[in-house]
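All remarks here apply to the structure that follows.
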Number of protein chains: 2
Amino acid sequence: MRTLDEKEVADLLGAARIGRLGCLADGEAYVVPINYFFAGGAVYSHSLPGRKIEALRAHGRACLQVDAIEDSFNWRSVLAYGTFEEIRLPVERREILQRLLVHFPLLTPVESSMAQDASAPDSIVFCLRIDHMTGVAEGDSNGSLNARFE
Amino acid sequence: MRTLDEKEVADLLGAARIGRLGCLADGEAYVVPINYFFAGGAVYSHSLPGRKIEALRAHGRACLQVDAIEDSFNWRSVLAYGTFEEIRLPVERREILQRLLVHFPLLTPVESSMAQDASAPDSIVFCLRIDHMTGVAEGDSNGSLNARFE
């Protein structure tokens, strides 16, 4: 097992689209998969209201774990720590939602309208401002990301 | 989005082999991918010493997040909460390691010897005794697990 350098960590974080968000809910670790993109040192995502958002509002520190796993002996995993921020400005919300949803060409009418109507009050757009990242790998770390992460 | 029933949660947890372990390290959520199997109400895994094991020894509550994601609108995710226990009895360690490693037919010599020599002092075999599980799904929840999770 080896430590990834800064560029390798940023490359994996930038290339993947699905990660697992870890936060604290009622004093315990809480982990959920999210769609995201990484830009300008922040991880952007969106969510409907629920336990994840309540947890992030109550305790703003969180992490995003992202991996590319070929098999048990050939994998890379990164962990990015950051602070939760809600994006409230309509123009920013719209840009972020469009960038999140551009990866999914087959949107249902509900999702299309969500992408267009970024001011829908029940959709929360947020970011984690990343301040610390680590990464480890085992085996051949030059393998491409699994298709489902691209 | 709908809540999975108890059987659906157990089925996904039982069918997958890779999950994301969430625990508390230095007061923050810490998430890492692990190989595991689920049996008798517990999640079994193994690890070399490191931050994950230090965190689990210091704060024994943890969770395992497991998902089957076809795309952004068709996925299932479960979260199982439990308490960390180290398995120290050589016969139990051996059985667990063999079951963990049986899924990987191409073991390197190091891994083969690890599987055989379950008493190797630096390999930690552990379980989470699960006391609470939840699950949610979106879209067609009857889709099969992605191959990389089987």
Q: For the range B:78-93, indicate whether the set of residues that are farther than 23 Å from B:Gly135 by Cα and within 10 Å of chain A (Cβ to nearest Cβ) is non-empty.
A: no
Q: Would you check if A:Leu100 is under 15 Å from the mean Cα position of the chain (by Cα), within 11 Å of chain B (Cβ to nearest Cβ) and either modelled with pLDDT under 95 or assigned to a loop (DSSP other than H, G, I, E, B) (or both)?
A: yes
Q) What is the residue count in the range A:69-83 for residues that are modelled with pLDDT under 95 and hydrophobic (A, V, I, L, M, F, W, C)? A) 3
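Looking at the range A:40-62 only, could you name the residues that are more than 18 Å from B:Met1 (Cα to Cα), of a type in the set (A, V, I, L, M) and touching a residue at least 40 places away in the same chain (Cβ under 8 Å)?
A:Ala42, A:Val43, A:Leu56, A:Ala62
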Q) Can you find even one residue in the range B:10-19 that is part of a strand (DSSP E or B), touching a helix residue (DSSP H, G or I) at 6+ places or on another chain (Cβ under 7 Å) and surrounded by fewer than 22 Cβ atoms within 10 Å (Cβ to Cβ)? A) yes
Q) Do you know which residues across the range A:65-80 are touching a strand residue (DSSP E or B) at 6+ places or on another chain (Cβ under 6 Å) and in a strand (DSSP E or B)? A) A:Gln65, A:Val66, A:Asp67, A:Ala68, A:Ile69, A:Trp75, A:Arg76, A:Ser77, A:Val78, A:Leu79, A:Ala80
**Q.** Single condition A:Ser47 does not satisfy, out of (1) crowded, with 21+ Cβ neighbours inside 10 Å; (2) hydroxyl-bearing (Ser, Thr, Tyr); (3) at pLDDT below 95
**A.** (1)
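Condition check ((1) at pLDDT 90 or above; (2) part of a helix (DSSP H, G or I); (3) within 15 Å of the chain's Cα centre (by Cα)) across all residues:
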position: A:Pro33; (1), (2), (3): yes, no, yes
position: A:Phe38; (1), (2), (3): yes, no, yes
position: A:Glu85; (1), (2), (3): yes, no, yes
position: A:Ile96; (1), (2), (3): yes, yes, yes
position: A:Met114; (1), (2), (3): no, yes, no
position: A:Asp131; (1), (2), (3): yes, no, yes
(Q) The conditions are (1) within 11 Å of chain A (Cβ to nearest Cβ); (2) modelled with pLDDT of 95 or more; (3) more than 18 Å from B:Gly135 (Cα to Cα), and B:Cys63 fails exactly one of them. Which is it? (A) (3)
Q. If we scan the range B:41-50, do we find a residue that is part of a strand (DSSP E or B) and within 7 Å of chain A (Cβ to nearest Cβ)?
A. no
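The values are calculated or read from the model by the stated rules, or taken from the named source; none is laboratory data. Keep in mind the model is a prediction, meaning the values are calculated, not measured. Glycine gets a Cβ as well: all are built from the backbone with ideal geometry, and neighbour counts include every protein chain shown.
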